[in-house]
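Structure first, then comments.
The values are calculated or read from the model by the stated rules, or taken from the named source; none is laboratory data. If you're wondering where the values come from, they're calculated on a predicted model, not measured in any experiment. When we count neighbours, we look across all protein chains shown, and the Cβ atoms used for this are built from the backbone with ideal geometry, even at glycine. In case anyone asks, the SASA skips ligands and DNA or RNA and just uses the protein heavy atoms, side chains included. Shrake-Rupley method; radii C 1.70, N 1.55, O 1.52, S 1.80 Å.
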Amino acid sequence: MSNKTNPGNFLEDFRLDQEIRHATPRTVGWGDVALYTALYGSRFPVPSADSFARKLGLKRAPVDDLLAFHIVFGKTVPDISLNAVANLGYAECRWLAPVYPGDSLTAVSRVIGIKENSNRKTGVVYVRSQGYKDGDELVLDYVRWVMVKKRDEKAALAAERVPTPAMVVQPEQLRVPAGLDFTQYDWQLAGSKFGWEDYTVGEKIDHVDGMTIEEAEHMLATRLYQNTAKVHFDQFRQSQDRLGRRLIYGGHIISLARALSFNGLGNGAFMAAINGGRHVNPTLAGHTVYAWSEILDKAKIEGRSDVGALRVRTVACKDQPTDGFPDKDAESKYLESVVLDLDYWVLMPRK
Amino acid sequence: MSNKTNPGNFLEDFRLDQEIRHATPRTVGWGDVALYTALYGSRFPVPSADSFARKLGLKRAPVDDLLAFHIVFGKTVPDISLNAVANLGYAECRWLAPVYPGDSLTAVSRVIGIKENSNRKTGVVYVRSQGYKDGDELVLDYVRWVMVKKRDEKAALAAERVPTPAMVVQPEQLRVPAGLDFTQYDWQLAGSKFGWEDYTVGEKIDHVDGMTIEEAEHMLATRLYQNTAKVHFDQFRQSQDRLGRRLIYGGHIISLARALSFNGLGNGAFMAAINGGRHVNPTLAGHTVYAWSEILDKAKIEGRSDVGALRVRTVACKDQPTDGFPDKDAESKYLESVVLDLDYWVLMPRK
Amino acid sequence: MSNKTNPGNFLEDFRLDQEIRHATPRTVGWGDVALYTALYGSRFPVPSADSFARKLGLKRAPVDDLLAFHIVFGKTVPDISLNAVANLGYAECRWLAPVYPGDSLTAVSRVIGIKENSNRKTGVVYVRSQGYKDGDELVLDYVRWVMVKKRDEKAALAAERVPTPAMVVQPEQLRVPAGLDFTQYDWQLAGSKFGWEDYTVGEKIDHVDGMTIEEAEHMLATRLYQNTAKVHFDQFRQSQDRLGRRLIYGGHIISLARALSFNGLGNGAFMAAINGGRHVNPTLAGHTVYAWSEILDKAKIEGRSDVGALRVRTVACKDQPTDGFPDKDAESKYLESVVLDLDYWVLMPRK
């Protein structure tokens, strides 16, 4: 193999507290916004219209929170997960400032944990990844852990550590975008009349609509994020894989589920945090994705009467409408139709 | 069903003269322009190049007239046609001002007619929908009627009325974009040497080229317009449908036919009005679309020697090249290959 | 056939030294940039981020060199190759100035050669095509020759001439973008630590990754470039063709190969010239494209210690990983899996 190509990092290449400045800075533009709309059909009004965003005190429409997430995430792939076996989890993910068209994003990760598996062939790497705009303003911060192959089974690890990410981002850690003021919120233009007060803990909502995924769509999305994970793109090699098919980037399903959740959570204007997320079954092109949500918690925001936070669990399913809220079986094992279990906070206007 | 999701309006929910402010304001951007080009390959020069548009007195390239139409149309879907059985017709559609990247669009509809069908299960709703930019400048105005289900067969309607939209928009109602001056029109750069004088009423033109449609394409387009009609996206549920397939948004076919019409009507620079349009057969992914046009009428524009109007009928077909001008059979029934019959006015430079 | 449609030029329609101003001026925008990223997943940092480009002395991120190429190329199709049998070659292609979002591109071609084939049914047309921004700044200049049908076998040609394009663009003809200064180049942010000094003539690099192509993707790309060649879009007619399928625009493969080459040639920041290129086998949707490169030559740039030129040969294959550097067989015939053989110069920072 040429020494010029990137073999990615294997388990024994990571060092505790190592800091990795990721490659490929990326200016987010109006084109990304349009493509994001075309890929998911999202109708949340803040990223949809400058006019709407300005009435809320923002300078213009920020890009969708998940678009910023995917772009930052994509940068980490060549260094963190090129030799991944599985993406195990997310935690402590917070959006700290809106990203606007024209902002240039970069990403840095710090290795916060390493643990070899007992088979000595793989192990788990934990990183805290951070996205910055214009070089120094932190916009996104999250922990991710991923199972990574070892290059050499016999290699010894310098040091191991297993961190314990928080199960839930505390409400006081949620950041309301600077300048945001929901007091002039136009409920009718937003498309839903339900505000923070109208949701109750334990309430379940079927988001009704379904979206079938095509190969071209998930690949366009994943390339847009400059995510290079091979399993999404190379059918020739994937035909030798267990499923025989290209796998869909998990983040594509998160974005689809979030867009579907508009029908029922239409005023969940901003994603403020992800408490945890798991891709519990693979999704392939041809599958139709549905989603339902449960309200896990509600929190006031200190000093604010215009905005509150809802903790939402959104479950996405494949080829399974969600009026029956498909979830786990009697042994607490996810049904085969369930593909995503995402626990997150949204900011919603109060009345 | 959760009370949080939008069930859409059923026939008995509409009231005569009711005004509906539609949700999801939308800033049209440069990304939409690129996606529109990628979806249809349109070569009309005015929306293609700022430089060309500026020589005609515009501030820059406006977005394609149909892109503005689809975005406005998309907003009306959740309120007007979520429970539609069929989209029956358009009339009195006029473009009143160009839309530029950066403009924020909103839409409002007024219910101008309601009529229950004799089966009492469905009825027809007539609306006049209007698109605005920046809150108050009217850019698009059209009448549409659609067959909608009743929620409850036994429900009585408060009042009924059947409006009679004009069969044809009168030439004096056509709006030439403010500032537009065709006297410096660059015929060679535009790609066609034929002007308004060169077309004769009754002339038929085969647009020659064909375009095959993929599922990913029509879904990207329809989501770009934030059009939520379920039949376009959900293969799992559509597999139970009569055709067993996702249906393509009719507007996608209109845009394809318009793009194909460049080859023969290359200087039909602006769509000024739609007199009427019918989607006479469904189009599915895999179909190849062809189109032909007939010149129905010609009109001068009052006080202008640089611009004239052509009334064009464009017929689109599936899997049927159009050198034989496929149309209706001996019983005046559309051939199965015909999918669209669109009657509209274009503005064309004069020599 | 209507006299209003464009039949394209046949061999006998071309005249030596004829100049053809091509239609459809095109403003390149931010949307094109995003779509280009989504189509190819390119990670070269200069077109990816304004911030990165500015540190190198440019005013912002220019669009990908190949995006500019494809748009200029697309304009020439309706006049030069609508009746083409085969695209035979490129030569003397040079990028002369970066193209930025907002620039309006136009194209002009001069006929520099015509030669009838002995069968009298076809012949070869040689053109020098030039792309301009804002009407008068030359941004791209290349020679292309294409086999074109005659309309009438008996037609005599006015005059014939066979030009002899240079086999290689000389290093002193390569243009470094005005203001570009690589001395502050951020190697880590760029994603590869290898500079001009690190490559040796004769070195071969397998770019490892593969990318499967979908019909929707190559059609979106080709329409984005407003390239109207019928074989890319019309499955109904192509089903009668020898291969029975839509053919993929050769330029789409060039862009894929270039994007794949990032893994191994990550600092090949600018394409400065194409010495020659051949599409040696057709590519169809469903094929997975791989690529490998060989360093053919290295050249210093007069008066510059921050930048050098690498002459690269990139070979793309279909459904054939390239760790074995698939090429020609014992009779110097390309293997069936080889689809592209491209010889070009890239500009790379020096250390």
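In this simple spin-label model, placing a label point 7 Å from the Cα along the Cα-to-Cβ direction at both A:Asp241 and C:Ala330 gives a separation of 3.9 nm. For the pair B:Ser305 and B:Arg60 in one chain, pulling the backbone fully straight at 0.36 nm per residue adds 85.9 nm over the alpha carbon distance.
What is the magnitude of the charge dipole of the protein assembly as shown about its Cα centre, with +1 placed on the Cβ of each Lys and Arg, -1 on the Cβ of each Asp and Glu, and no other charges, expressed in debye to the nearest 20?
The calculated dipole for the protein assembly as shown is roughly 140 debye.
Over chain C, with a single point scatterer placed on each C-alpha, what log10 of the ratio I(q)/I(0) does the Debye formula yield at q = 0.08, 0.13, 0.14 1/Å? Taken in order of the listed q values, log10 I(q)/I(0) reads -0.38, -1.04, -1.21.
Relative to the other identical copies, A:Lys300 shows label-point distances of 7.3, 7.3 nm, where the label point lies 7 Å from Cα along the Cβ direction and values run shortest first. Once both labels are positioned 7 Å from their Cα atoms along Cα-to-Cβ, the gap between C:Val231 and A:Val168 label points is 6.3 nm.
The HN-Hα couplings worked out from phi for region B:225-236 by the Karplus form 6.51 cos²θ - 1.76 cosθ + 1.60 (θ = phi - 60°) are 7, 6, 8, 9, 4, 5, 4, 7, 10, 10, 5, 4 Hz, whole numbers, x standing for Gly and Pro. The GNM of chain A, with springs linking C-alpha atoms under 10 angstrom apart, assigns the highest mean-square fluctuation among A:Ser51, A:Ser239, A:Ser81 to A:Ser239.
Starting from the label point of B:Arg21 at 7 Å along Cα→Cβ, the same points in the other copies fall at 5.0, 5.0 nm, in ascending order.
Pairs exceeding 29 Å between alpha-carbon atoms, taken from B:Lys230/C:Lys318; A:Lys55/A:Lys298; A:Lys75/A:Lys150; A:Lys55/C:Lys133: B:Lys230/C:Lys318; A:Lys55/C:Lys133. Each Lys and Arg adds +1 at its Cβ and each Asp and Glu adds -1 at its Cβ; summed about the Cα centre, chain B shows a dipole of about 740 debye. Give the longest segment of chain B that steers clear of GluC sites (Glu not before Pro) in DSSP loops with at most 12 neighbouring Cβ atoms within 10 Å, not counting the sites themselves. The longest uninterrupted stretch comes out as B:1-152. Along its principal axes, region C:36-118 has C-alpha extents of 55, 24, 21 angstrom, given from the largest down. A crude spin-label estimate for the pair B:Asp181 and C:Ser118, with each label 7 Å from Cα along the Cβ direction, gives 6.1 nm.
Which of the three applies to region A:223-272, rounded, prolate or oblate, going by the alpha-carbon gyration tensor with a ≥ b ≥ c and a/c under 1.5 meaning rounded? Prolate, because a/c is 1.5 or more and a/b exceeds b/c. Coupling constants for region A:283-296 follow from the phi torsions by the Karplus curve (6.51 cos²θ - 1.76 cosθ + 1.60, θ = phi - 60°), and in residue order they are 10, 10, 4, x, 6, 9, 9, 10, 8, 9, 9, 10, 7, 8 Hz; glycine and proline get x. Probing with 1.4 Å while keeping every protein chain in the model, the per residue accessible area of region A:1-130 equals 29 Å². Reported to the nearest whole Å, the Cα centre-to-centre distance from region A:247-322 to region A:218-238 is 23.
Scaled against the 2.2 N^0.38 Å expected of a compact globular protein of N residues, the Cα radius of gyration of region C:73-154 reads 1.23.
Cα centroid separation, region A:90-169 to region C:157-215: 35 Å.
Provide the FRET efficiency to the nearest 0.05 for the A:Leu16-A:Ala86 pair, computing r from the beta carbons and using R0 = 22 Å.
0.55
Need one number: % antiparallel among DSSP beta bridges in region B:1-155, to the nearest 5.
Here the share of antiparallel DSSP bridges comes out near 100 percent.
For A:Val139, the residues 5 or more places off, or on other chains, whose built amide H falls under 5 Å of its own are A:Gly131, A:Tyr132, A:Lys133. Calculate the FRET efficiency for C:Lys149 and B:Asp323 from the Cβ-Cβ distance with a Förster distance of 22 Å, rounded to the nearest 0.05. E(calc), rounded to 0.05, equals 0.70. For the options A:Gln173, A:Gln320, A:Gln240, a Gaussian network treatment of chain A with springs between C-alpha atoms closer than 10 Å singles out A:Gln240 as fluctuating the most.
Placing a label point 7 Å from Cα along the Cα-to-Cβ direction at B:Gln188 gives distances to the equivalent points in the other copies of 5.5, 5.5 nm, listed shortest first. Dipole of chain C computed with +1 at Lys/Arg Cβ and -1 at Asp/Glu Cβ about the Cα centre; of C:Ala23, C:Leu105, C:Gly276, farthest Cα towards the positive end is C:Ala23. Helical content of chain B, expressed as a calculated mean residue ellipticity at 222 nm, amounts to -5500 deg cm²/dmol (DSSP H runs of 4 or more residues, -39,500 (n - 2.57) each, divided by residue number, nearest 500).
Magnitude of the charge dipole for region A:178-297, about its Cα centre and with charges confined to Cβ atoms of Lys, Arg (+1) and Asp, Glu (-1), is about 720 debye. Shown for region C:18-32: residues covered by the partner protein chains by 40 Å² or more of accessible area relative to the chain by itself (probe radius 1.4 Å), namely C:Arg21, C:Ala23, C:Thr24, C:Pro25, C:Thr27, C:Trp30, C:Gly31.
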